[in-house]
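Computed from the coordinates by the stated procedures, all read-outs in this text should not be read as laboratory data. Just so it is clear, the model here is predicted, and its values are computed rather than measured. Neighbour counts are summed over all protein chains in view; Cβ atoms, including those assigned to glycine, are modelled from backbone coordinates with ideal geometry.
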Amino acid sequence: MKVLIISDVHANLTALEAVLQAAGTVDAVWCLGDLVGYGPDPNECVERVSSLPNVHCVKGNHDAAVTGEGDVEYFNDEAGSAILITRELMTQANIQYLKGLPEILTLETATLVHGSLRHPIWEYVIDSQAALANFPFFETPIALVGHTHLPMAFIMDDKNGRIHRRTFKPNFIFPITMKTILNPGSVGQPRDYDPRASYAIFNPEAMTWEYHRVAYDFQAVQKRILKVGLPEKHAIRLSEGW
Ligand code: ZN
């Protein structure tokens, strides 16, 4: 079984299409939230992801803010103004779709959240300390998180309970042998100084995690960002991936 793992699409349809094409035929798609915010294509991204076959998606902090469930004051100026513009752009049906997303999804092999297991919407699992605090909050072999936009893994050592933080080179096939928290990175706004869209392929039978990057036409997205009046910063950062 081949499961495409995507997160933090952030209304970037060009990056999303590049990922869907690069991933090829998959059996399921698991999406870790933040379909919208920052980017120019919120309706298109919601409609594209929600109509994929066998898709499971959880709610991100930007999704919650757009629906009015999360407070815009928690965001910095440029992120906050993107939330307000996104609300204007979106159809009621698509806002309702975001509203209906669960904060946490427990599947057979994996628990899906946007932020962290104990605080699904807002906490960042960014270092070993945050990962350690979150391991008691899931029972499945792996947990999948997004939110930091940084592809990495936190592995709990069976023997001593220590956390190993790992990053992978693209195309590397990582065999999952211990309880692990994995982050596929961001499709629509990578922040590791690699502008290519980030995603992963999980195989629940083989218990393998393949992490990938794919280039996309970010200049086309930059033009659309400026056209709809989103802050220029959200266009500039796509060139370098920050
Ligand atoms: Zn995000």
Full extension between T106 and R166 adds, at 0.36 nm per residue less the Cα distance, a length in nm of 19.2 nm
Percent relative contact order for the chain, counting Cα pairs under 8 Å at least six residues apart, stands at 23
Of all stretches in the chain that avoid GluC sites (Glu not before Pro) placed in a DSSP loop and having at most 14 other Cβ atoms within 10 Å, the longest is 1-68
Note on the stretch 85-171, DSSP bridge orientation, antiparallel percent to nearest 5 equals 70
Treating only Lys and Arg (+1) and Asp and Glu (-1) as charged, each at its beta carbon, one finds that the chain has a dipole about its Cα centre, in Debye to the nearest 20, of 440
quick note, the chain, DSSP beta bridge pairs, % antiparallel (nearest 5) is 65
Mean projected area, convex hull of alpha-carbon positions in the chain, reported to one decimal in nm², is 11.6
Toy charge model, Lys and Arg Cβ at +1, Asp and Glu Cβ at -1: the stretch 153-242 dipole around Cα centroid in debye, rounded to 20, equals 260
In the chain, taking the dipole from +1 charges on Lys and Arg beta carbons and -1 charges on Asp and Glu beta carbons about the Cα centre, the listed residue (A206, Q219, V19) farthest towards the positive end is A206
Distance in Å, no decimals, from the C-alpha centre of the stretch 199-233 to the one of the stretch 65-137 is 18
Given pairs K59/K227; K2/K223; K59/K159 and cut-off 32 Å on Cα-Cα distance, the over-length ones are K2/K223; K59/K159
Comparing G100, G161, G185 in a Gaussian network model of the chain (Cα, 10 Å), the one with the largest mean-square fluctuation is G161
Computed over the stretch 129-233, the relative contact order (Cα-Cα under 8 Å, seq sep at least six) in percent reads 24
Treating only Lys and Arg (+1) and Asp and Glu (-1) as charged, each at its beta carbon, one finds that the stretch 19-80 has a dipole about its Cα centre, in Debye to the nearest 20, of 320
Once normalised by the length of the stretch 4-54, the mean sequence separation of its alpha carbon contacts under 8 Å that are 6 or more apart gives a contact order in percent of 49
Counting only DSSP loop positions in the stretch 151-229, the trypsin sites (Lys or Arg not before Pro) whose Cβ has at most 14 other Cβ atoms within 10 Å are K159, R162
